[in-house]
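Here's the structure we're looking at; comments come further down.
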Amino acid sequence: MTDTLRLTAEEAMGLIERSEASGAELHRAYLDAIGERDGELHAYLTTVEAAEGAGVPIALKDVISTKGVETTAGSKILAGYKPVFDSTVAACCKEAGLPLIGKTNLDEFAMGSSTENSAYGPTRNPWDPERVPGGSSGGSAAAVAGGLAPWALGSDTGGSIKQPAALCGLVGLRPTYGTVSRYGIVAFASSLDQVGPLTKTVRDAAFLYRIIAGRDPLDSTTVDLPEPVELPETEDLKGLRIGVPRELNEAEGIEPGVSEAVQRAIELCRELGAEVGETTLPRSVEFGMPCYYLIAPSEASSNLARYDGVRYGPRSGKGDIREMYMQTRDEGFGDEPKRRIMLGTYALSAGYYDAFYGQAQKVRTVIRDEFAAALEQFDVLISPTSPTVAFPLGAKTENPLAMYLSDVLAIPPNMAGLPGLSIPCGLSEGLPVGLQLIGPQFSENLLFRTGHALERAIGFDFVPERLR
Amino acid sequence: MKWAPVIGLEIHIHLKTKTKMFCRCELEYGAEENSRTCPVCLAHPGTLPVPNARAIEMTILLGHALQCEVVERSVFHRKHYFYPDLPKGYQISQYDQPLCVNGRFALADGSEVGITRAHLEEDAAKNVHMGGSGGRIAGADRTLVDYNRAGTPLVEIVTEPDLRSSEQAKRFLQLLRQTVVELGISDAEMEKGSLRFDVNVSIRPEGSDELRTRTELKNMNSFNFAAKGIEREIKRQIGIYESGGEVEQETLHFDPGNESAPPLRSKEEAQDYRYLPEPDLVPLVPGRELVERLRGELPELPGARIARLADELDTDLAEGLVTSGRDRLFEQVPGERRAVANVLMNQWAATGVDPAAVDADELGKLIEARDRIPRAAFTEALEATGEPGFEAERYLADGQIEATADLEPLVEHVLAANPSQVDDYRGGKEGLLGFFVGQVMKETGGRANPKLVNELLREKLKA
Ligand SMILES: [Zn+2]
């Protein structure tokens, strides 16, 4: 019997190479695990009984279009929608022979930080089912942490890979904007959306990133990778300069347990041979969040305009066209998308554009410059991924602003288009703490190297304590 | 007071690319409904636009023809509104950074019209409203949508309000149409919707340079219809000002199916399109090399040819030849210039023969002999000029008895057969000449050269 809780994707590749298990057998083993544990976790919205591919099975966040397999983005407005085409990343996975286990739960249209905004009910954290797995890629994170998938893809707009990885004790990569195709990814905020891996190890993340990254002629915003993806081997950090941005490490609301775990990891960096120094990102941290909450809802209000009941998805309303639009969208969208559509519509209105969206774009340039300056002094910046460990279900649902603050540390590098890797760096009150590593554009190899060395030194056990 | 009209145009032309603007669906006019669609032009979740390079080149070529600046960096925006013909809920269009700006277009009368901009965008789908009244969505039982047209590349050309009469507007449109057709970038056929335009009209006291409230005229289905519509609108505005009123800003929607129907009026609502720079596309930065290469590909344009031909003909004739696409044939046909031009613009134009199918030398022979051939035979010959292997000679030989030697005996025969009429003529009834001509024609089955017959008769009767 395969121990799906412990098996990494790399180990699964080994099993397949040595003919100790086939892709189909592994696929079956994960479906069995889902049968056993997903009743409690609700990581999946759809599972695929018979999937093709001889490789390591994979779970995909339900914003990733999969031909013939329902893709809802966690919304009722896409209930029953089966894409007639594969997204580029789904096609990449197929081409690499990865059988699809299923589609994972998420906050509706990837809008949220706890997966409680799903129209299909919340996902629970495998470390403590009374707590959230983070979001919006909470289903993918819970699936991997709960042994229901060896690896998974999520999407990250404002922390939606990094934060759930942190809350579930996993590795999560938000790649450099433009390195992974967005073709077929249900759009939330186009200038920020990026697909990336959620895995148990840094090497698994590098494997998966290698499969999905690269220029796609169907996505004009993608570019060729400047260098091939390397699997990390080195176990020290000699010669690396690691910067600790004060504001990202001392922000209000960071739990003491989180700070302590991150401090220990920073100490480890020194022990591994890195040169560690303090740096500062005052404007990025102060303005990153407000800037994000202008840009993301603005683009979302535009991207969600197509859900009008005319061509696909459910349609409501008996009266004229206007009534049909209003009723379809009123019944189809949940509270969070509606909130963001309203914010975004307002921000893009004539007379407000310059003050809001236009201004936010200018601030984004300031943030980019500030990061660039810090990254001239240092190779990698380090901070907590999330200010808190996993919080109880319902704790923040009544207060959207408190929920938004869950991503206050993850958002600033996203606004600068930078890659970020979250790795687990210990526990606080029995729950995983995530460490965020930020590098310059296209520095994924460097982040993998840093993350891998730290991962080895930390020796974090990714199997949730209660399931060991 | 004397009033001067101020007219500006907004012209939309479909580009003649093989595929759509942002997906690779084929463009085919008249294809079965919704057979030219894909996830991108149907706005399925997650799909992304990829610009059509050929459409960009065609727009730059047009920019050169309109003497525009081709900008170094152009940006696509999203223009939002909800309507079933707009699958994404927004149209991708160029807003404050269009591809071509600050051009000018010279008309045959020597005037120049400023071109504010020429930008690239995508067309919407086609709605058909069923039931209800007036073909409008309000009150319709249901609306059918054909997405074949959705995503067709469209160039919008906006002029400065530089046109001063309906006639000038019409001539501008004719010359512009001929220009885009010759550039090979559009069919520009109004019946197919590949050329559409709106007209902005205002008036002001002559000599003044103020700009008063304008009205917008939409849905006109021909250049002549537009000229009439503009004319009527100018009169209406004059009427309003002269009776102490104020012109209101509004849109006049004409009924393309019924020219005589009064236009429907609607207040111009200040629509908020919530423009957003299209985050799925990177800014368009046309390479300078490409821009210059396209400049080099520019053929001699209709405007320049009119100027050239106007030296040997008058401007109207030159303009007519060029905008009707007959000037290249004109230049090849030998013969007296004005005569050739007149025949091409009149009798030959009526035949509908394709200029490309014509042997210019043979046509020249025919035109040269036109006074020696009966009108009916000449027309018949002109109609045949498009046929393969057409030879003027055959019509000249068959149709005409040209030689005096051939006609003389016939004329003498007619005179001998009608002695009393000959006496009357010689007695002063010169009106009888027509009678003799008729008799000769009858004898020859209408093939005698009338001019020659006249001459011969006069000569013989004098004796
Ligand atoms: Zn298409």
(request) Look through B:Pro277, B:Pro263 and report the one residue that is under 33 Å from the mean Cα position of the chain (by Cα), buried (at least 16 other Cβ atoms within 10 Å of the Cβ) and either in contact (Cβ under 8 Å) with a residue 24 or more places away in the chain or not assigned by TED's automatic domain parsing to the domain that holds B:Gly184 (or both). (result) B:Pro263
(message) For the list (1) within 30 Å of B:Pro302 (Cβ to Cβ); (2) of a type outside the set (Phe, Trp, Tyr); (3) within 16 Å of the ligand (Cβ to nearest atom), I need the number of the one condition that B:Ile92 fails.
(response) (1)
(message) Within segment A:69-171, considering only helices (runs of 4 or more DSSP H) that don't extend past its boundaries, which have at least 2 residues that are away from chain B (no Cβ under 14 Å) and surrounded by fewer than 24 Cβ atoms within 10 Å (Cβ to Cβ)?
(response) A:88-95
(request) Test B:Pro87 against the stated conditions and say whether it is away from every other protein chain (no Cβ under 11 Å), touching a residue at least 12 places away in the same chain (Cβ under 8 Å) and part of a loop (DSSP other than H, G, I, E, B). (result) no
(message) away from chain B (no Cβ under 14 Å) and within 24 Å of A:Gly138 (Cβ to Cβ): is that true of A:Arg246 in this structure?
(response) no
(message) Can you say whether A:Leu45 is more than 16 Å from the chain's Cα centre (by Cα) and within 30 Å of A:Glu233 (Cα to Cα), as far as the supplied structure shows?
(response) no
(request) Name the single residue, out of those in segment B:20-31 being away from chain A (no Cβ under 14 Å) and without any contact (Cβ under 8 Å) to a residue 40 or more places away in the chain, that is nearest to A:Lys82 (Cα to Cα). (result) B:Glu26
(message) Can you tell me which of (1) surrounded by fewer than 19 Cβ atoms within 10 Å (Cβ to Cβ); (2) at pLDDT below 95; (3) under 19 Å from the mean Cα position of the chain (by Cα) is the one A:Gly417 doesn't meet?
(response) (2)
(request) Could you tell me which numbered condition B:Glu289 fails, if it satisfies all but one of (1) touching a residue at least 24 places away in the same chain (Cβ under 8 Å); (2) under 30 Å from B:Ser93 (Cβ atoms); (3) part of a helix (DSSP H, G or I)? (result) (1)
(request) Considering only segment B:142-206, give the strands (runs of 3 or more DSSP E) lying wholly within it that have at least 3 residues that are among the aliphatic types (A, V, I, L, M). (result) B:153-159, B:195-205
(request) Report, by residue number, each residue of segment B:233-285 that is within 14 Å of chain A (Cβ to nearest Cβ) and not charged (D, E, K, R). (result) B:Ala270, B:Gln271, B:Tyr273, B:Tyr275, B:Leu276, B:Pro277, B:Pro279, B:Leu281, B:Val282, B:Pro283, B:Leu284, B:Val285
(request) Filter segment B:2-35 down to residues that are in contact with a Phe, Trp or Tyr (Cβ under 8 Å, 6 or more places away or on another chain) and either of a type in the set (Gly, Ala, Ser) or farther than 22 Å from B:Phe82 by Cα (or both) and give me whichever is farthest from the ligand (Cβ to nearest atom). (result) B:Trp3
(request) Could you please let me know if B:Thr59 is more than 11 Å from the ligand (Cβ to nearest atom), in a helix (DSSP H, G or I), modelled with pLDDT of 95 or more and among the hydroxyl-bearing types (Ser, Thr, Tyr)? (result) yes
(request) Working only within segment B:114-133, note down all residues that are more than 17 Å from B:Asp85 (Cβ to Cβ), within 23 Å of the chain's Cα centre (by Cα) and of a type outside the set (Lys, Arg). (result) B:Gly114, B:Ile115, B:Thr116, B:Ala118, B:His119, B:Leu120
(message) From the list A:Val195, A:Val202, exactly one residue is touching a strand residue (DSSP E or B) at 6+ places or on another chain (Cβ under 6 Å) and within 11 Å of another protein chain (Cβ to nearest Cβ). Which is it?
(response) A:Val195
(request) Would you point out which residue out of A:Ser259, A:Ser302 is within 10 Å of chain B (Cβ to nearest Cβ) and within 24 Å of the chain's Cα centre (by Cα)? (result) A:Ser302
(message) Can you confirm whether B:Thr404 is of a type in the set (S, T, N, Q) and modelled with pLDDT of 80 or more?
(response) no
(message) For segment B:36-54, give me each residue that is away from chain A (no Cβ under 14 Å) and within 15 Å of the ligand (Cβ to nearest atom).
(response) B:Arg36
(message) Taking the criterion of being within 21 Å of B:Glu10 (Cα to Cα) and surrounded by fewer than 19 Cβ atoms within 10 Å (Cβ to Cβ), would at least one residue in segment B:126-146 satisfy it?
(response) yes
(message) Just the residues that are surrounded by 20 or more Cβ atoms within 10 Å (Cβ to Cβ) and within 14 Å of another protein chain (Cβ to nearest Cβ), please, taken from segment A:27-68.
(response) A:Leu60, A:Lys61, A:Asp62, A:Val63, A:Ile64, A:Ser65, A:Thr66
(request) Name the one entry in A:Gly319, A:Gly309 that is assigned to a loop (DSSP other than H, G, I, E, B), crowded, with 16+ Cβ neighbours inside 10 Å and within 14 Å of chain B (Cβ to nearest Cβ). (result) A:Gly309
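The values are calculated or read from the model by the stated rules, or taken from the named source; none is laboratory data. Only a predicted model underlies this, so the values are computations on that prediction, with no experimental measurement involved. In this analysis, Cβ positions are derived from the backbone assuming ideal geometry, glycine residues included, and neighbour counts consider all displayed protein chains.
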